[in-house]
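Enquirer: One structure follows; several queries about it will come next.
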């Protein structure tokens, strides 16, 4: 302590280093960044060469950088955010950021767009003389299906019975998922429902839902319509997938 009443304090170690850093002039906006600068880091101008400022090597401390508009650079400029892509079924698994808003679901190998209620044609209207199966249909994320069988001509009163079938991915055989359906032959439109928690059928004749079966609709499925004879009958089959 001096006669003037002032304490003399000796500072060393980490405390001295901290005081020295505080006492040093901080970097000034617009000044070049150099190795060895102390104090609070400022911003350095974005370089078109994308190199590090002042000869700083990879892994060294550096200052925050901004682009020409003054925006803080927060991504690696050599791997920028990818442009928006067209979202579609069977989209390859991404290796970079995908910009998009549609829901995607994994199907075991690729990504598919998530579906809402989907309607389609299983069998177009035509005259047929034997039991007929639709092509393989793909269910992306629905749990059940509604079927509509519309008979427009049936002079010989052929009895029709529609089934929902699943394609076994191992054997390639078709497995029937619905019980023996109600047969019908009169001209008219008949509804069928297959899915979890299916309720009682609406009626025994067209245009009601004449049969209901509980179960889960698989990914690969089809409609099979059994004929009671080889006489000609004209009909179509439409469907509605229920998520």
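The values are calculated or read from the model by the stated rules, or taken from the named source; none is laboratory data. Not measured: the values here are computed from a predicted model. Note: ideal-geometry Cβ built from the backbone for every residue, glycine included; neighbour counts use all protein chains shown.
Enquirer: Out of curiosity, is residue 193 touching a strand residue (DSSP E or B) at 6+ places or on another chain (Cβ under 6 Å) and under 22 Å from residue 243 (Cβ atoms)? Write out each step before concluding.
Expert: Values: touching a strand residue (DSSP E or B) at 6+ places or on another chain (Cβ under 6 Å): yes; under 22 Å from residue 243 (Cβ atoms): yes.
For residue 193, the condition - touching a strand residue (DSSP E or B) at 6+ places or on another chain (Cβ under 6 Å) and under 22 Å from residue 243 (Cβ atoms) - is met.
Enquirer: Would you say residue 181 is closer than 29 Å to residue 105 by Cα and either in the same structural domain as residue 108 (by TED's automatic domain parsing) or modelled with pLDDT under 95 (or both)? It would help to see each step written out before you state the result.
Expert: Values: closer than 29 Å to residue 105 by Cα: no; either in the same structural domain as residue 108 (by TED's automatic domain parsing) or modelled with pLDDT under 95 (or both): yes.
Taking the combined requirement at face value, the residue does not satisfy it.
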